[in-house]
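**Q** Structure below; questions to follow.
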Amino acid sequence: MAYVSGFMAPVPSDRKQDYLDIATRSVAVFKDHGALRVVETWGDEVPEGKLTSMPMAVQAGESETVVFSWVWWPDKATYVAGMEKVMADERMDFDLGSLPFDMQRMIFGGFEVILDA
């Protein structure tokens, strides 16, 4: 069954295009290493919670937008091997100081697909 890796990060709202440029560049890397689909979403209706919320999870500030992204893999084995290759791929060698988001506040995880309707 399919496997999904998900990512969420706060991005300064005025750096949307910078984020999209990096995301667009990264798509080829993920697909070259086994990903079937890459989806990037820009927060539109992401309410602040009282106990928990997406903005709280990534410590988003008032001038930041929560980005939620996922990569669809055929299975977990392809994900594990693919992510190792993605992280070693020289095309992912971004200048960390110029990234349009704080990697320390990015959260991520791998998920087994249990329903795909």
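The values are calculated or read from the model by the stated rules, or taken from the named source; none is laboratory data. This structure is a prediction, so every number in the text was calculated from the model and none was measured. So basically every Cβ, Gly included, is an ideal-geometry build from the backbone, and we count neighbours across all protein chains shown. Each accessible area value is taken on the protein alone, full model and side chains, heavy atoms only, with ligands, DNA and RNA left out. Shrake-Rupley method; radii C 1.70, N 1.55, O 1.52, S 1.80 Å.
**Q** Can you give the angle from 0 to 90° between the axis of helix 16-32 and the longest principal axis of the chain, with both taken from C-alpha atoms, to the nearest 10?
**A** Once rounded, the angle reads 10 degrees.
**Q** Roughly what angle does helix 76-88 make with the longest principal axis of the chain, taking Cα atoms, 0 to 90 degrees, to the nearest 10?
**A** 70
**Q** Hand me the GluC sites (Glu not before Pro) from the range 1-104 located in a DSSP loop with no more than 13 other Cβ atoms within 10 Å, in residue order please.
**A** E45, E48, E62
**Q** Additional query: With +1 on the Cβ of every Lys and Arg and -1 on the Cβ of every Asp and Glu, and nothing else charged, how large is the dipole of the range 7-117 about its Cα centre, in debye rounded to the nearest 20?
**A** Roughly 200 debye, rounded to the nearest 20.
**Q** Whole number in Å², please: accessible area per residue of the range 17-98, 1.4 Å probe, ligands, DNA and RNA not counted.
**A** Heavy-atom accessible area per residue stands at 67 Å².
**Q** Tell me the carbon and sulfur percent of the accessible area for the chain, rounded to whole percent, probe radius 1.4 Å.
**A** It is 55 percent, rounded to a whole number.
**Q** Please report, in debye to the nearest 20, how large the charge dipole of the range 3-50 is about its Cα centre when each Lys and Arg carries +1 at its beta carbon and each Asp and Glu carries -1 there.
**A** 180
**Q** So, one more: Starting from the 7 Å offset along Cα-to-Cβ, what nm value, one decimal, do you get for the label separation of F108 and A28?
**A** Taking the two extended label points, one gets 2.0 nm.
**Q** Can you list, bin by bin at 10 Å, the percent of alpha carbon pairs in the chain, starting at 0?
**A** Histogramming the chain at 10 Å steps yields 13, 42, 34, 10, 0 percent.
**Q** Tell me, in nm to one decimal, what length is gained between L96 and A117 on full extension, where the rule is 0.36 nm per residue of separation less the Cα-Cα distance?
**A** Gain on extension, L96 to A117, equals 3.8 nm.
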